[in-house]
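The numbers here are math on the coordinates, done by the rules we state, and not lab data. Since we're looking at a predicted model, the values are computed, not measured. Note that we place each Cβ from the backbone using ideal geometry, even for glycine, and neighbour counts take in every protein chain shown.
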């Protein structure tokens, strides 16, 4: 069924179709309408779920963990400051191997206050053991939410479905909402091997000595590595069932491209237009969109960028003292490949500053005009 | 006071026989917290799930792959007992599993201090579980640092004798009562009949329940391990830890009347943490105890 809905509602419909059983969430701009919609679904009886209206995001994650540990499919959503408050429990969710799915709306981190989009909040959680998907459109958001549950419950790691504040969260598009029956076939009920059970009592997460702790971490990394192919498979199956696949990374106009822009999230859509225009002018430029950030699909990215002479990474995020996070990760991915093209890292659009076609033109032109970057970070339009 | 019911001294009372605490746990000798768990689980039975945040009990329960309980245990982060128990309770509800008791089991640090937000949230939402605070009156697991449950003038490593704790102990049951919690109670191990009755009552009530247990810590209180039971009895008799319950945040009921009534000095003199107190300071504590007790009796009369 096609419906005109916001990115946030696409998350809500995804959680509903996934038959999330426990939702624990706390309001925060620009995430709030995700949980408002879910609260309405629960109140109307459209969802058979318990909605815990917790008193903080820390408790949202803790309650989701408790629910998942007891064998219920758990969902939450947050943004910016709320995600940072959850940080301790994000480790707990991954370390305890709970396949919680979370809608995470990217928001700039205070101070000063920002409610607009920036990826630094979710990227600051990259080491917590959560899968991370960055979405470009509302359709991708709902499809990814469903895929995320399937992948998470296969590898027993939690997953974030990430979307830009306002540009996606509050912008409405036509979305094809899958039917419940097909979703039920795609995503069977959650049946964890281990859970809190009075008939089979175990102690979960006790003190672990150095003789075992190392192995627990090894297993998380193993699950992450396996997740790359599980994500691919879940996306393929989704495509077979619903006619849409999104890939781990997507190459756009990369045929014969000498320069590649690397983007994620909604900047990608703007960049597609710029690429179309420049290709029309005969400039050999293409685009690689990174959808899956954790696990980082190193081989897919390296392969997508093979043969290009220069790479320009557009980072709407910052790791202070280094560069943009995608830039850093892609450099790392390319290090082990025979070709190591010059990589230009552009940090732009922070705190929701508009990234327009003109901005992306400037990025592309700078990359075309230089053999190699003159700075570790290239700031676009910064008022120095 | 002899006309008052002495529920703490019922003759021929037999404890439930079933043990759900294994022998061989790793509590210190004389640990009030381990005996508290033993009685609590005797009262609740094996259809119980226990949520334990960082506290002495995260050690007592045993390291991986051991467990000192015959019930499931969920070890969680320090400040999350109220929230995790809410999630467990919600999952049991949605999965249609009735008649399972969820018990949060936290120390005073995890309850009075770092966990009070999650506790307050859970109680305000009237989540269906029993939250137990076993109160040993300081951060004992990290080595005796003051918490907001530490009594006034007590020594701890962060309130040294040169400057013992200035502030009175937080009144956690009053805080719970202010939430209009369906059931809140105090209990302690020297009155096991009273303790078990309160746990069983809590189990029978839907919604949020809070039980505050006084649990001596011999190393932290600088007391003899053999005095643990004596200390909890003296705490009740001296009225520094009265045994009572509150229903719906309104109806107070004193369940064990102090018998005999004793001065606070007799409770304090067995504990090294109070050894530095001067006569005037002990008198000051006595006055505070008397005042609090008088207010409690007033509330109980008003029922």
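Sorted largest first, the principal axis extents computed over the alpha-carbon atoms of segment B:19-301 equal 59, 45, 31 Å. When peptides B:16-22, A:7-13 are sorted by average Cβ neighbour count within 10 Å, with the highest value leading, the order is A:7-13, B:16-22.
At an R0 of 30 angstrom, the distance between the Cβ atoms of residue A:382 and residue A:277 translates into a FRET efficiency of 0.75. Over the C-alpha atoms of segment A:246-323, the Rg to Rh ratio, Rh being the Kirkwood estimate, stands at 0.97. Among the residues of B:67-74, the average count of other protein chain beta-carbon atoms within 10 Å of the residue beta-carbon is 6.
Need the full-extension length gain, residue A:173 to residue A:36, defined as separation in residues times 0.36 nm minus the C-alpha distance. One decimal, nm. Before the final figure, lay out the partial values.
Details: separation 137, 0.36 × 137 = 49.32 nm, distance 1.89 nm.
So the chain would gain 47.4 nm between residue A:173 and residue A:36.
Measuring nothing but how far apart in sequence close Cα pairs (under 8 Å, 6+ apart) lie, relative to its length, segment A:2-242 scores a relative contact order of 24 percent. Residues of segment A:131-169 falling in the label zone of residue A:194, defined by backbone nitrogen less than 13 Å from a point 7 Å along Cα to beta-carbon, are A:156-157. Exposure proxy for A:265, B:204, B:147, A:68: other Cβ atoms within 10 Å of each Cβ, ordered fewest to most, give B:204, B:147, A:265, A:68.
What percent do you get for the relative contact order of chain B when only Cα pairs under 8 Å and 6+ apart count? Walk me through the numbers on the way to the answer.
Values: 626 pairs, mean separation 55.6, N = 303.
Relative contact order for chain B comes out at 18 percent.
For segment A:226-246, the residues whose backbone nitrogen is under 17 Å from a point 7 Å from the Cα of residue A:332, taken along Cα to Cβ, are A:226-228. Temperature 25 °C, viscosity 0.890 mPa s: under these conditions the Stokes-Einstein estimate for the protein assembly as shown, based on its Kirkwood radius over C-alpha pairs, is 90 µm² per second.
The angle separating the long axis of helix B:32-44 from the principal Cα axis of greatest extent in chain B is about 40 degrees. Of all DSSP-defined beta bridges confined to chain A, some 25% are antiparallel rather than parallel. Spin-label pair residue A:44-residue A:366: with each label point 7 Å from Cα along the Cα-Cβ axis, the two points sit 4.6 nm from one another. When each of the peptides A:357-364, B:260-267, A:216-223 is scored by how many other beta carbons lie within 10 Å of its residues on average, the order from highest to lowest is A:357-364, B:260-267, A:216-223.
DSSP beta bridges fully contained in the protein assembly as shown are about 25 percent antiparallel. Counting only DSSP beta bridges whose two residues both lie in segment A:77-172, roughly 0 percent are antiparallel. Computed log10 I(q)/I(0) for segment A:249-379 at 0.19 Å⁻¹: -1.05, from the Debye equation with unit scatterers placed on every C-alpha and solvent omitted. Taking the convex hull of the alpha carbon positions in segment A:31-179 and averaging its projected area over all directions gives 8.6 nm². Mean per-residue shielding of peptide A:205-217 is 3, counting Cβ atoms of other chains within 10 Å of each Cβ. Extending 7 Å from Cα along the Cβ direction at residue B:98 and again at residue A:110 yields two label points whose distance is 4.6 nm. Distance between the modelled labels on residue A:299 and residue A:245, one decimal in nanometres: 1.5 nm (7 Å Cα→Cβ projection).
Rounded if a/c is under 1.5, else prolate if a/b is larger than b/c, else oblate: which is segment B:17-123, with a ≥ b ≥ c the root eigenvalues of its Cα gyration tensor?
In terms of gyration-tensor shape, oblate.
Helical runs assigned H by DSSP (4 residues or longer) give chain A a calculated mean residue ellipticity at 222 nm of -13000 deg cm²/dmol, each run adding -39500 (n - 2.57) before division by the residue total.
Rounded to the nearest 10 degrees, what's the angle between the helix A:7-17 long axis and the longest principal axis of chain A, both from Cα atoms, 0 to 90? The angle comes out near 40 degrees. Evaluated on segment B:163-302, the Kirkwood hydrodynamic radius is 15.8 Å, with distances taken between all distinct Cα atoms. Between 0 and 90 degrees, the angle of helix A:32-43 with respect to the longest Cα principal axis of chain A falls at about 30 degrees. Taking the empirical scaling 2.2 N^0.38 Å for compact globular proteins as reference, segment B:91-248 has a Cα radius of gyration ratio of 1.07.
The spread of Cα positions in segment A:133-292, taken along each principal axis and listed from longest to shortest, comes to 68, 41, 30 Å.
By average Cβ neighbour count within 10 Å, what is the ranking of B:104-112, A:16-24 from highest down? Provide the component values of the computation, followed by the final result.
Working: B:104-112: 30.6, A:16-24: 25.7.
Packing proxy ranking, top to bottom: B:104-112, A:16-24.
Across peptide B:75-82, the mean count of Cβ atoms from other chains lying within 10 Å of each residue's own Cβ comes to 6. What is the calculated FRET efficiency for residue B:290 to residue B:248, with r their C-beta to C-beta distance and R₀ = 35 Å, to the nearest 0.05? That pair, residue B:290 with residue B:248, gives E of 0.80. FRET efficiency for the residue B:201 to residue A:126 pair, using the beta carbon distance and R₀ = 51 Å, is estimated at 0.60.
Obtain the radius of gyration and the Kirkwood radius of chain A from its C-alpha atoms and give Rg over Rh. Mind dumping the intermediate values first?
Numbers: Rg = 20.5 Å, Rh = 21.2 Å.
Result for chain A is an Rg/Rh of 0.97.
By other beta-carbon atoms within 10 Å, ranking B:130, A:100, B:60 with the fewest at the front produces B:60, B:130, A:100.
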